[in-house]
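The next block holds one structure in the form of structure tokens; read it before the comments.
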Ligand SMILES: [Zn+2]
């Protein structure tokens, strides 16, 4: 009987923490993943061409990222209700996972680790686009493409900006389930480091 309640509590705690972990991330996991949302983009994992659509996508992902804070707040509330009147283990699971998310978002808000998608990032992409279409373009036919580690010109291969590419909300080539798992582990952050540019050899 004692063992039964222990097992039940562990199961309830696990279910609570899984819901608390996935729940707030649902928008980033699903909102933009259907094909119809991605006709303007090259399929994952190919490099993406810079465009106003890409900037808009970055801003959407940023909204979902911060929306998860609101969803975590709702889950915290449910966790509190469950702790008080429902199953304590389930409520504790909800609490643990969603407060962990709140802490990681606070870290991003306080600036110790910038969010995977930000307004500054969209501005930077716009600046790269402006430069590519202006007088100081890298070559006569600039095509800025966002690779995993940097934005490079598709024509002359020169590195236009050293920014690692976060998840862009495209349907992932590794399949839906593995894509979701990967998103849950990385939280959208790029796995690759930004390309290090050796400025001494370029001069
Ligand atoms: Zn070029």
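Just so you know, all these numbers are worked out from the coordinates, no wet-lab data involved. Please read these numbers as outputs of a predicted model, since none were measured by experiment. All Cβ positions, even for glycine, are placed from backbone atoms using ideal geometry, and neighbour counts span all protein chains on display.
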Looking at (1) assigned to a helix (DSSP H, G or I); (2) in contact (Cβ under 8 Å) with a residue 24 or more places away in the chain, can you tell me which one residue 74 breaks?
(2)
Which count do you get for residues in segment 158-186 that are within 16 Å of the ligand (Cβ to nearest atom) and surrounded by fewer than 19 Cβ atoms within 10 Å (Cβ to Cβ)?
4
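Evaluate the following for residue 72: is it surrounded by 17 or more Cβ atoms within 10 Å (Cβ to Cβ) and out of contact with any strand residue (DSSP E or B) (no Cβ under 6 Å at 6 or more places or on another chain)? Walk me through it before giving the result.
Details: surrounded by 17 or more Cβ atoms within 10 Å (Cβ to Cβ): yes; out of contact with any strand residue (DSSP E or B) (no Cβ under 6 Å at 6 or more places or on another chain): yes.
Yes, satisfied.
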Working only within segment 144-157, note down all residues that are within 7 Å of the ligand (Cβ to nearest atom) and surrounded by fewer than 18 Cβ atoms within 10 Å (Cβ to Cβ).
155, 156
Counting just the residues of segment 140-153 that are touching a residue at least 24 places away in the same chain (Cβ under 8 Å) and assigned to a loop (DSSP other than H, G, I, E, B), which one comes out farthest from residue 120 (Cα to Cα)?
143
Here are the criteria: (1) within 16 Å of the chain's Cα centre (by Cα); (2) more than 20 Å from residue 32 (Cα to Cα). Tell me which single one residue 99 does not satisfy.
(1)
Among the numbered criteria (1) free of Cβ contacts under 8 Å to residues at least 60 places away in the same chain; (2) in a loop (DSSP other than H, G, I, E, B); (3) within 15 Å of residue 49 (Cα to Cα), which single criterion is violated by residue 167?
(1)
Being assigned to a helix (DSSP H, G or I) and in contact (Cβ under 8 Å) with a residue 60 or more places away in the chain is the filter here; which residues of segment 48-61 pass it?
54, 55, 57, 58, 59, 60, 61
How many residues are surrounded by 18 or more Cβ atoms within 10 Å (Cβ to Cβ) and part of a loop (DSSP other than H, G, I, E, B) when one looks only at segment 110-136?
3
Enumeration of residues in segment 116-139 that are more than 8 Å from the ligand (Cβ to nearest atom) and more than 25 Å from the chain's Cα centre (by Cα):
130, 131, 133, 134, 135, 136
Which residues, counting only those in segment 16-47, are part of a helix (DSSP H, G or I) and under 30 Å from residue 145 (Cα atoms)?
25, 26, 27, 28, 29, 30, 35, 36, 37, 38
